[in-house]
Every structure is written in C-alpha cells, then in structure tokens.
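All remarks here apply to the structure that follows.
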Amino acid sequence: MANNAAKQNTVRSSRIFGDYLIMIAAPCLVAVWYYGAQFVSVAATGVLTALICDFAAKAILGKTFHLRDFSNIFIGLAIAVMLPAGIPLYVPAAAAAFAVLAVKIPFGGALHAPFVPAAAGFAFISVCFKELIFDYNVASETKLFGAQSLGSMLSKGQSVYISAANVFDIIAGNVAGPMGTGCGILMLACCVYLFVRRKTALLATLGFVAACAVCAIVSPRINASAFTSVVLELSAGSLMFAGVFLLTDYATLPHNGINRVIYGAVCGVICMGMRKMGVFEEPVCFAILLANGFRPVLDSAFKALSSVSFKRKEAAEK
Amino acid sequence: MSNTNISFKDMLVKGALIFNPVLIQLVGLCPVVAASTTLAGSVALSVALFVELTATCVIASALFKKVPRWVRVPLYLIIGLALICPILWYIETKTLINISLGMKIYIPLIAINSVTAVHCEQFAVKNSVRHAFYDAAAVSIGASAVMLIVGATREIFGSGSLAGVKLELPVIFKGMAMPFGCLILLGFMAAGLKAFLNYRYLGEDEAEPDDIQEAEKILDSGVEEVEIFDEFWSEQTEEEQPEPEEKAQPETKEEIRDSANEDIEDFFRSIGIDYYEKGDEQ
C-alpha cells in the first residue's frame, strides 16, 4: 500500500515537474545564450546540490530516492536562472540545500510542501547574501543600460523612454538582471505551454500579473506614462518568471479557480508593495512565501461559503 | 501528594529531555529566538532563567498553596520580574557580557515567560518544595542546553565567530542570526529530539498504543503529573479514537439555516475571529 502510494506520488511528481522542466528549458537556453559557461556552472551546482541533499536526507530517513522525482532538478534550475552572472558557486548551492532540506524534505516532498521550495531557497540567499544577489556588474558591457538593472532604476525613480529602438531589448531580456528571467517573450510562450497542460493553474498567474499591472498604474515608482510603468515593472527582475513558474506550484495553489485568482492578486499586491517600500530590489519570492500563508485561509473560506450557499439553496427548495 | 522516592535523575530526564520546555512543549520561545544570537547571550539567558525559575517555583511551592489561583498567577510574574531585573543588571555591570542591547524589549518577556507560569501553576504549587526545585532545575537545564546549542550555532554560522573569537569560515549565513534561522534550527532540533525519544523510550518510529502505556508506566514515577503533560502521552491511535458521532441531518428549513450559520462560525473561529460580537448571542 505504502509502496503504491509512493509510486503514484513519484509518477505524479515526475509528470508535474516534467512539465516545468520542459518550460524552464527555454529560460535556461536564453541564459546560456547570454552568459554561456557562467550559467552552466551555476545551474549544475544548484541541480547537483539539490540532488545530493535529497539523496542524503532520504538515506537518513530511510526513504527511497527516485531519480524520476524531477523536483530537485527544477529547484536547482529555477534558482540558477534567478541569479546574476558571476555569482560565487556556494550561493546557488546554499539556496538549493535550503530549499530541499528546510522546505521540501520536512514536509514530505515537493507535492506536499506548504511553501514553494525554490522561492524559499532564493529568499534565504537574498537575506544572507544581499550584496551578491543584486549585483549585476558581471558581463553587463553589451547590455542596454550597462550594469544598471531595470529594478534598480525603478527603485531610484529613474524612468526610461520606451521606443521602438529599445523595447525589443527590454522584453527580450537584454538588460542587466537575473541570468534567465528577463525574457518576457519566452515567459509568454511558457504561459501558453502551461495553458495547454494545466489551464486552471494559469489563473493565479493572471491574477498576479493583473494585480502587478494595476499597482504599477495606480502607484507608479517612476514619473512616466502608465504604459511605460507597467512594461518596466513587469520586465524588471524575476517577476514574470516567478508568476509563471513559482506561483503555479502544484502543492501551494488553492483548490478553486476564483481562489487562485485572488491568491495571485494577493501575491501581486504584496510584491509591488514590497518593491515600493521594501529593502530588496526583487522581493517576489518573499511575496510568494507570504501568499503561501494565505492559501489555507482562502481554501477554508471557499469551503465554508460554498457549504453555506448550498445549504441555503437546499432550504429555499424545501 | 507527591512520591518522596523520586530522584533528581528521574526529574532531570523528564523535565530536560522528555518534556523539554523549548523543543517539546514549545514554551518560552520568544526569548530564545530573540536573544540567543551569541554564545555569551545564551549563557546569560540560561543563568537568568535558572535563577528566576528555581526561585519562583520554590517560593510558589512554599507559600502559594493556599493562595487562590487568580492571585497566584500575577504573583509568579511579579516575582519573576523582581528577580530578573537585578540579575540582568548584575550580569551587565559586573561582567563584560552586554546582553541588554541584544535583548532590548525581550527582557520583560524573559521574566514574564510561559515556562515560569506553567511550571509554577501546574507543578510547584501541587508538590513539595524539594520536588518543585528539582522540576525547575531540570527544566532550566533542558532549556539552557537548547539555548547554548542554538546560541553557539547561530554565532558560528551567522557571525563567523564563537564566544567572540573570530573563526576563519569561508561563508557566513547572516540569516542564521535572524529569528527565522533560529526557528528553523529549533524545528530540526525538535524533530531530532522527538526521533531520539521515540527510539529510546518506545523503540519504534511510530508509537504503538501498548508501548505508550508501557512508557507512561516507566516514566510516571509517582509525581502527580500535570494535565498539560498528559496530553503528550495520551495520543490515541486511529483504532482507539471514539467513533465520531454522526451529525443528525438537518430536516427543517430552520435547521438547515442553523447548520449553515454553524459552518460560518466554524470558519471564523478557525482563523481566530469571534464571529459573534458581545450581546449578539442573545
């Protein structure tokens, strides 16, 4: 019985994280295109650390290690694409180890963790190595604004005039920033894939992006048009990547469609609030972890409300 | 009332290990998380806790047995505060350990902590002075051991030093010096202790009901144990749990409406909100 459950779990995990691996291949290729061996070494470190930590923890706990549990590979890659070029290799290793040992394993696997492991890993290294995580000086000579990332420009209130000459560079991720998350076009392609595979998961992304866009219009950080503010905010940092890859995490999504939209919107509002008032240039992972805490409340609220409406309907019928 | 044959060793195993206040009972977490960022701070905190807890428990056992409960609890806290302030003042002025800067507003929380209230109220006032002292000392030792381990670990990984001595570490994790680092560390320590207790006293990963009863007999050495501790050993397995009473299906319109209102109340209660304002229930 237990073996069957474990087998089913592994199959489900491999299917879900297999989809994510197919999706994340695109940002990884972009990162390799822009940064070459630097990204490969960071990604390899993250993936290997996650695999080793998972193997060691399962060996200690007396559980079977499954290579087909792709969540470790996804965690390693997701952390790697959110990091800047030239980051010391112990940083992705620390993030992956934290994600696996402190978030994934204690809660019984990636399909049961109440927090997104990759987001937790990135948040951990953001706190521990803040200066390294948001330093985009390496390999920034050919970038649109040099070593200045969109996030740092927005936080300083510096606006950019968006024209035909620079808009493609901005949405293609040719600006200083995380290695693989800047390409907005690819994120849209990933959304399409996710729509084909798990339609309802995208509701959270929809709510998230809409909330971020509304916040960018209502409370812009720069003195520019609403369109410019929205484009720059959505293109900056790992916002879109987190919205597509981390927010749609199977274990932490609410069960109901409308709750997913609300969940995404809550996360978006928290993220934009933290961007405006917080100390971190890219706080999206913190926002996701906070939104993860709201998930049980949303689910139980929906359960109570649906039960009430059903019973009232039943009473009306009688 | 209490068994006079009980030894300090038994109390030590029980108070420091099996019912460790920080890792098993999860009481008094605030000062541990806030103040045990260095080894020196942890030592100071341990000394303060030991003196405060033992003195308060002994006083409670000797004097407060006849005092009404509603008076007793504030008295523990007043005694705790009266003891902790001079101790901290002494540590700070007579030693080189500057703890108040690290502790800030948490100093009153050390005095008015739940460990003191729980052990005075649940154990000390129901037992002899000697047993109250044993219990307080055992609990303090258990809490101090945790604080020292946490303080040392956080100082090593969070600041790259131990007892003020710089260590040549290649990487420093600033997060370890923050409260979330401490909570994660405590979580792992609690899991480790629970696994050890299961292995040592129950012999299996999952406690069987018979084993629990057996362990209860072994561990219950005669001292009148407190209700809060009983909960720990009265875990029932699925077989033992009484069948949940089947809820009568609502029939009339009013019953269905009442049942719906109960669901709303349950939800609000689950998120910590009292659904009814005062006077609504009438």
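Taken together, the values in this text are just the output of simple stated rules run on the coordinates, not laboratory data. All values derive from a computational prediction rather than experimental measurement. Note that we place each Cβ from the backbone using ideal geometry, even for glycine, and neighbour counts take in every protein chain shown.
What to note about this one:
- Inter-chain Cβ neighbour count for A:127-134, averaged per residue, equals 3 (cutoff 10 Å, partner chain atoms only).
- Using only alpha carbons, chain A has a radius of gyration to Kirkwood radius ratio (Rg to Rh) of 1.00.
- Zone residues, the range A:256-273, relative to A:L305, backbone N less than 20 Å from point 7 Å out along Cα-to-Cβ: A:256-270
- For the residue pairs A:K143/A:K199; B:K14/B:K65; A:K130/B:K166; A:K276/A:K303; A:K63/B:K174; A:K199/A:K276, the C-alpha atoms sit more than 25 angstrom apart in A:K143/A:K199; A:K276/A:K303; A:K63/B:K174; A:K199/A:K276.
- Springs between Cα atoms under 10 Å define the GNM used for chain A, and in it the highest mean-square fluctuation of A:G257, A:G184, A:G237 occurs at A:G257.
- Ordered by the number of other Cβ atoms lying within 10 Å of each residue's own Cβ, fewest first, A:F310, A:F134 fall into the sequence A:F310, A:F134.
- Global form of the range B:8-210, assessed from the alpha-carbon gyration tensor, a/c cut-off 1.5: oblate
- Modelled FRET efficiency - R0 60 Å, B:L63 with A:L206, Cβ distances, 0.05 increments: 0.35
- Positive contributions from Lys and Arg (+1) and negative ones from Asp and Glu (-1), summed over other residues with Cβ under 13 Å from the Cβ of A:L154, come out at +1.
- Residue list for the range A:252-273, given a label point 7 angstrom along the Cα-to-Cβ vector of A:K130 and an amide N cut-off under 20 Å: A:270-273
- Counting every other Cβ atom within 10 Å of each residue's Cβ, A:C183, A:C271 order from fewest to most as A:C183, A:C271.
- Counted by Cβ distance under 12 Å from A:P114, the other residues give a net charge of 0, where Lys and Arg count +1 and Asp and Glu count -1.
- Among A:F245, A:F227, B:F19, the order by Cβ neighbours within 10 angstrom, fewest to most, reads A:F227, B:F19, A:F245.
- Computed from the C-beta positions of A:V214 and B:V51, the FRET efficiency with R₀ = 56 Å rounds to 0.50.
- For chain A, averaging the sequence separation of C-alpha pairs within contact (under 8 Å, six or more residues apart) and dividing by the residue count gives a relative contact order of 17 percent.
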